[in-house]
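> Provided herewith is a single structure, encoded as structure tokens, for subsequent inquiry.
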């Protein structure tokens, strides 16, 4: 395939992206991947210093970034972040909803059952993952919908939500997180339908469902202090045909595809990037 066609299909040159949770391990890899494909990237997260560190790393690689300190559960802060993006770059083309995670109190242990699940903890993990996807989509997606493309054409833009294997397969213990990510899957399909029907097929919503990647939140669940696998980590690897955990950068190519012109007819899908975990019965 000629390089010019590859560039036409998959380059993000000149586009503007915002990554919520861009200060995390997976979110940071996505920020760097988008910048490497030519996008200017807003790094949205609660930790200003960490966001600025990610932006500095982008700059070292020859890209352009902007730190956007904000909480995904605070719509006013998100609106302020949007204002900063528009003031700097004048547009928004891509939103990656990578903020999320689990809450320890919403995770069952050997000593607790589902009947002991605290309501507040369940609500907290649901808010973080579902509302933390809805609110940025409302704020940044509305800006995409308002902007006409060149020549007065219908709006164009890509929203990519981050789901989880916990949404598709029953994983023990993580009841709150599983329910919240299942809701993200449904929200992805619903928003894909709503935005395309109302604003045209150029405005797309898809999701990536990562398999098991070692991050800040789950490291102690998967790895012992010496780097060896915990019992749960070993079970996961045994049920992953690839025989290992994923590397954060292995999410980037799928993200770039979903954001690029090459995926212009891809809408409302949840793409697993999981080393075969979701395909394997365990037998």
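Every read-out reported here was derived from the displayed coordinates using simple, explicitly stated rules and does not represent laboratory data. Just so it is clear, the model here is predicted, and its values are computed rather than measured. All Cβ positions, even for glycine, are placed from backbone atoms using ideal geometry, and neighbour counts span all protein chains on display.
> Comparing 97, 218, 206, which has the greatest mean-square fluctuation in the GNM of the chain with Cα pairs linked when under 10 Å apart?
Among 97, 218, 206, the largest GNM mean-square fluctuation belongs to 218.
> Compute the angle between helix 132-146 and the longest alpha-carbon principal axis of the chain, please, reported from 0 to 90 degrees and rounded to the nearest 10.
10 degrees
> What residue among 109, 23, 133 shows peak mean-square fluctuation when the chain is described by a Gaussian network model with Cα springs under 10 Å?
Highest fluctuation among the options: 109.
> Would you mind checking the tilt of helix 75-89 against the longest principal axis of the Cα atoms of the chain, expressed as 0 to 90 degrees and rounded to 10?
Tilt of helix 75-89: around 40 degrees.
> Express the relative contact order of the chain as a whole percentage, based on alpha carbon pairs under 8 Å and six or more residues apart in sequence.
Working: 557 pairs, mean separation 52.5, N = 283.
It rounds to 19 percent for the chain.
> Same structure again: Mind pulling the per residue volume of the convex hull built on the Cα atoms of the chain? Å³ is fine.
For the chain, the hull spanned by Cα atoms encloses 149 Å³ per residue.
> I've got another one for you. Just rank 190, 257, fewest to most, by other beta-carbon atoms within 10 angstrom. The partial results should precede the final answer.
Numbers: 190 12, 257 17.
Final ranking by Cβ density, sparse to dense: 190, 257.
> Here's another thing I want to ask about it. Sum -39500 (n - 2.57) across every DSSP H segment of at least 4 residues in the chain, then divide by the residue count to get the 222 nm mean residue ellipticity, nearest 500.
Roughly -12500 deg cm²/dmol at 222 nm, from the helical runs in the chain.
> Follow-up. Take 82, 44, 108 and order them by how many other Cβ atoms sit within 10 Å, fewest up front. Numbers along the way, then the final one.
On the way: 82 21, 44 34, 108 15.
Ordered from fewest to most neighbouring Cβ atoms within 10 Å, 82, 44, 108 come out as 108, 82, 44.
> Quick check: the angle from helix 25-36's long axis to the longest principal axis of the chain, C-alpha only, nearest 10 degrees?
With both axes taken from Cα atoms, the answer is about 20 degrees.
> What is the log10 of I(q)/I(0) for region 58-193, computed with the Debye formula using one identical point scatterer on each Cα and no solvent, at q = 0.17 Å⁻¹?
With one equal scatterer per Cα and no solvent, log10 I(q)/I(0) is -0.96.
> Could you give the alpha-carbon Rg of region 1-105 over 2.2 N^0.38 Å, rounded to two decimals?
In units of the 2.2 N^0.38 Å rule of thumb, it is 1.10.
> Give, in nm to one decimal, the length gained when the segment between residue 242 and residue 217 is fully stretched (0.36 nm per residue of separation minus the Cα-Cα distance).
On the way: separation 25, 0.36 × 25 = 9.00 nm, distance 2.25 nm.
Extra length available between residue 242 and residue 217 comes to 6.8 nm.
> A further question on this structure: Using a Gaussian network model of the chain whose springs link C-alpha atoms within less than 10 Å, name the residue from 92, 175, 208 with the highest mean-square fluctuation.
Per the Cα network of the chain with a 10 Å cutoff, 175 tops the list.
> Now for a different question. Can you sort 4, 264, 84 so the residue with the fewest Cβ neighbours within 10 Å comes first?
4, 264, 84
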